[in-house]
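Just below is one structure, and these are the notes that go with it.
The values are calculated or read from the model by the stated rules, or taken from the named source; none is laboratory data. This structure is a prediction, so every number in the text was calculated from the model and none was measured. Methodologically, a virtual Cβ is constructed for each residue, glycine included, from the backbone with ideal geometry; neighbour enumeration extends over all protein chains shown. Areas reflect the complete protein model, heavy atoms only, side chains present, ligands, DNA and RNA absent. Shrake-Rupley method; radii C 1.70, N 1.55, O 1.52, S 1.80 Å.
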Amino acid sequence: MNEATPSPSRHWKILFAAWLFVSAASLGSLFFSEVMELPPCSLCWVQRVFMFPLAIILLIGLFPFDGSVVKYALPLSLGGLAVAFYHTLLQVGLIPETAAPCRQGVSCTEAQFELFGFFSIPMLSLIVFSIVSTLLMALKRSSSR
Amino acid sequence: MKTQHIALLGGGLLVLVFVIATSLYNDQREVEMGEAASRPSSPLERDYAQSLGPADAKVVLVEFFDPACETCRVFYGHVKTLLAENPDKVRLVLRYAPFHHGADQMALMLEAARKQGKYWEALEVMYQTQPQWASHHRPQPEKVWAFLAAGGVNVDTLRRDMKNPDLMAIVNQDIADAKTLGVSKTPQFFVNGKPLMSFGYRQLKAMLDAEVAAQY
């Protein structure tokens, strides 16, 4: 039993790292919308739908450690990755704006915020979903061995 | 280290960073809004703006409002109470920040009513009937006309005056000033140039009372 050993197992650490990334990103997203009052566009909302539950189910998977959490978490993470990828392409202009599904309300293509003058919010989302998907896939591979 | 402790530490740190960042951000915003409002050529007050109270009052309460905003409606009663509590000491200046889609028409309507000397009557009618013409955040000007007519406003003249470019210029200037000052929500209050950051009736009353006590 992994959780019985005094020092946390490698698997636990991987899952914990994934949870930290997701939680930091979720809080960051809430900071943008609730503190900075930047209204989330519709594609941002779809990414939140994938992001927020991850922060909860990964935590449940940590105590006690349950590797099968990957089965539920990975589809969420990959779904978020796909939307974030699309959103990023849209924002940097690789997909023409006319193809954007959101024309009313908040624009999905206009960058409201740029970290260090470069990283837009969808890019940050893409980075986090990439890291978390990678960690979860690593966990899946090493536990199936 | 036990896993529970590691997770508590990690989660706690994240929350701590969030709380500190929020506090820093809000402080920064307050400073910026205050600076924009206290510059010599401040766009906070305009000579044309509708005001209530003595011209020589030492405390000026500026309210950026949206006629279609529910909270502004509620606060209108509160503001009247505050003015009544401080007679001859506080002047209220009303500025438009019509953030609801189509609410700039209501602001124009108020300016047109003002030409008839019916500004406050029109404002009260608008607030009283707001649930009927502004439901689901979609203001419907045509519904307001009927209510205003019942309130003693000449609607034919009003509708003609609403096309007056001078009145449109007033509303547009207010919208531009709201943007310059960083007003993003309504109602946004400024007490002698200081923005009310922590929103609420008690906070507004405390800020106003403190300023009255300092000035008189």
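Surface composition of segment B:55-208: carbon plus sulfur atoms contribute 53% of the solvent-accessible area (1.4 Å probe, protein chains only, all chains present). With both labels modelled 7 Å from their Cα along Cα-to-Cβ, the A:ILE56 to B:LYS115 distance reads 5.6 nm. Once the Cα atoms are used to define both axes, helix B:70-85 deviates from the longest principal axis of chain B by about 80 degrees. Comparing B:LEU82, B:LEU24, B:LEU94 in a Gaussian network model of chain B, where Cα atoms under 10 Å apart are tied by springs, the biggest mean-square fluctuation is seen for B:LEU24. When chain B is treated as a Gaussian network with alpha carbon springs shorter than 10 Å, the biggest mean-square fluctuation among B:GLY193, B:GLY12, B:GLY53 belongs to B:GLY12.
Extending 7 Å from Cα along the Cβ direction at A:LEU78 and again at A:GLU37 yields two label points whose distance is 4.1 nm. Scanning residues 5 or more positions from B:ARG91 or on other chains, those with amide H under 5 Å from its amide H are B:VAL59, B:VAL60, B:LEU61, with H placed 1.01 Å from N in the peptide plane.
Principal axis analysis of the Cα atoms in segment B:138-216 yields extents of 47, 29, 29 Å, listed in decreasing size. Backbone N atoms of segment A:59-80 closer than 18 Å to the 7 Å Cα→Cβ label point of B:ILE6 belong to residues A:59-70. Averaging the Cα positions of each part gives two centres, and for segment B:1-72 and segment B:119-196 these lie 23 Å apart. Solvent exposure of the protein assembly as shown, expressed per residue, is 52 Å² of accessible area, with all protein chains present and a 1.4 angstrom probe.
Between 0 and 90 degrees, the angle of helix B:104-115 with respect to the longest Cα principal axis of chain B falls at about 50 degrees. For the pair A and B, the buried accessible area comes to roughly 1300 Å² in total, with a 1.4 Å probe and the value rounded to the nearest 100.
Per residue, the Cα convex hull of the protein assembly as shown amounts to 182 Å³. DSSP assigns beta bridges within the protein assembly as shown; of those with both partners inside it, close to 60 percent run antiparallel. Counting only the Cα atoms, chain B fills a convex hull of 154 Å³ per residue.
Each label point was placed 7 Å from the Cα along the Cα-to-Cβ direction; for A:ARG10 and B:VAL17 their separation is 2.6 nm. Straight-line reach from B:LYS194: taking Cα to Cα under 16 Å and skipping same-chain neighbours fewer than 8 places apart, the aspartates and glutamates in range are B:ASP27, B:GLU30, B:GLU32, B:GLU35, B:GLU45, B:GLU63, B:ASP177, B:ASP209, B:GLU211.
First measure r as the distance between the Cβ atoms of B:GLU32 and A:SER130, then evaluate 1/(1 + (r/R0)^6) with R0 = 30 Å and state the FRET efficiency to the nearest 0.05.
0.30
Converting phi to 3J(HN,Hα) with the Karplus coefficients 6.51, -1.76 and 1.60 and the offset θ = phi - 60°, segment A:8-25 yields x, 6, 4, 4, 4, 5, 4, 5, 5, 4, 4, 5, 4, 4, 5, 5, 4, 5 Hz in sequence order, with x at every glycine or proline.
Can you show me the helix-derived [θ] at 222 nm for the protein assembly as shown, built from DSSP H runs with n ≥ 4 at -39,500 (n - 2.57) apiece and divided by the number of residues, rounded to the nearest 500.
On the way: 12 runs with 218 residues, N = 361.
Result for the protein assembly as shown: -20500 deg cm²/dmol, rounded to the nearest 500.
In chain B, the longest principal axis of the Cα atoms and the axis of helix B:3-38 are about 40 degrees apart. Compared with the direct C-alpha span, the chain from B:LEU52 to B:LYS205 gains 53.3 nm at full extension, assuming 0.36 nm per residue.
What shape does segment B:85-185 take by its C-alpha gyration tensor, where a ≥ b ≥ c are the square roots of the eigenvalues and a/c under 1.5 counts as rounded, a/b above b/c as prolate, and the rest as oblate? Rounded. Remark: for residue pairs B:LYS118/B:LYS143; B:LYS118/B:LYS205; B:LYS118/B:LYS179; B:LYS80/B:LYS118; B:LYS89/B:LYS118; B:LYS89/B:LYS179, the C-alpha separation exceeds 26 Å in B:LYS118/B:LYS205; B:LYS118/B:LYS179; B:LYS89/B:LYS179.
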